[in-house]
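What follows is a single structure, written as structure tokens, with notes after it.
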Amino acid sequence: MICFKPVKLLALAIIGTASLSACASIEQMQAQTNSTPTSTPLIQANDSHIYSSSGATQIPDIGTAPKWVIAVHGGAGVKSRSKMTPELEAKYRAGLKVATEAGGKVLAQGGTGPEAIEAALNILEDNPIFNAGRGAALDEHGNARHDASIMRGRDRGAGAVAGSSRIKNPISAARAVMENTQNVLLNGAGADWFAREQGLAMADPLYFQTDARRKSLLKKRAKSRGEIAFNEAGETAFGTVGAVVLDSAGNISAGTSTGGRANKRFGRLGDSPIIGAGTYASNQSCAVSATGHGEYFMRWTVARDICARMEFGGETLEQAANAVLVDTLKPLGGSGAVISIDPQGKVVFSMNNKGMYRGVMSSQTKARTGIYFEEVK
Ligand code: ASP
């Protein structure tokens, strides 16, 4: 059902502040991208939608009082329909479905939110069509430099890595920072050093580079140093990956992993490794993973702001997500989207552009995937 509802602007300004081998993962990735895609649409009869002139919100059906829930994203700024082939769409849906189910399996076995997030995001990081891990966007020097973060809502434990260039699965390193150090954010060579010390899988920098990303960079790099790459249609593809989870212990968590933006300035970091900007989780309010134009997400502390609106302003998750994404960021040109979850497991997808690659599953509903925001069937 489609309903039109003006989204309220509140005058509230709250500024909150495994060891895998590279070869195994390539085979795993090929199996995923070759697998038969699901045709199951994301939309169910009891999903609800809010559309405004500049955005859309989807609240997928996750059943009644589910024990566990997982939602994943593979980035906002999806390819325009004219550029999307059935084969490519099938690859995106298959990749999202496999990742969502991997996280769901961990949760069904009683695993924690961070364990499920790591399982789901490792699969998307290994899949070269997403902008994280292998296939990450390349910087102005032609290198992949990865940002990732994870946060658990139970105690606001958090971990992140930024600008790493040798960690095969950056979300695993972020989780290791959270669980095995007293720090929150490690960067560059220090992050790489730490991951190696932790026994995590490492990769040669060439492992991350794909022909598609190299071609895209060469086209854009001619224009200007450090200028963000846009495609022929003037669109910028994001493709970051993320997940939010309610686990069977009743805790919510969020995680995000990305290569950042194509042709990004050497040394540029986005919102994805920044707790409060690209990732946030608190059992008192919500858990959020963002994708989009990172500079806006950092300046408007998007993930924390959504949760703070719930915590201090009494807003629902969809009101808070829409207030930040649609009412605030969209008019400023801050293109992007978020996946979010509240402590009851209610999932809200909020988008202010064409859509977001996404998947959702719960203890009561099977994995479904979506791409465009208007995919109402
Ligand atoms: N938010 C990411 C960044 O700005 C990009 C993305 O979401 O794809 O680094």
Summed residue charge, Cβ within 9 Å of Thr369's Cβ, Lys/Arg positive, Asp/Glu negative: +4
Listed residue pairs exceeding 26 Å between alpha carbons, taken from Lys105/Lys330; Lys83/Lys219; Lys97/Lys215; Lys105/Lys354: Lys105/Lys330; Lys97/Lys215; Lys105/Lys354
Karplus (6.51, -1.76, 1.60) ³J(HN,Hα), θ = phi - 60°, over the range 347-354, in Hz, Gly and Pro reported as x: 9, 10, 9, 10, 10, 10, 9, 5
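With all pairs of different alpha carbon atoms counted, what Kirkwood hydrodynamic radius in Å does the range 20-376 show?
19.3
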Footprinting exposure proxy for Met202, Met361, Met151 (fewest neighbouring C-beta atoms within 10 Å first): Met202, Met361, Met151
FRET efficiency, Glu197 to Lys105 (Cβ-Cβ, R0 25 Å, nearest 0.05): 0.30
Burial order of peptide ranges 115-121, 280-286 (average beta-carbon count within 10 Å, highest first): 115-121, 280-286
Net charge, Ala176 excluded, C-beta distance under 10 Å - Lys, Arg +1, Asp, Glu -1: -2
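Taking the number of other C-beta atoms within 10 Å as the exposure measure, put Phe373, Phe312 in order starting with the fewest. Provide the component values of the computation, followed by the final result.
On the way: Phe373 24, Phe312 12.
Taking fewest neighbouring Cβ atoms as first place, the list is Phe312, Phe373.
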Simple spin-label estimate for Ser82 and Arg265 in nanometres, 7 Å along Cα-Cβ: 3.3
Spin-label pair Ala212/Glu179, simplified geometry with 7 Å Cα→Cβ offset, distance in nm: 3.1
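Readers should treat all values here as calculations from the given coordinates under stated rules, not as data from a laboratory. Values in this document were obtained by computation on a predicted structure and should not be read as measured data. Virtual Cβ from ideal backbone geometry, glycine too; neighbours counted across all protein chains shown.
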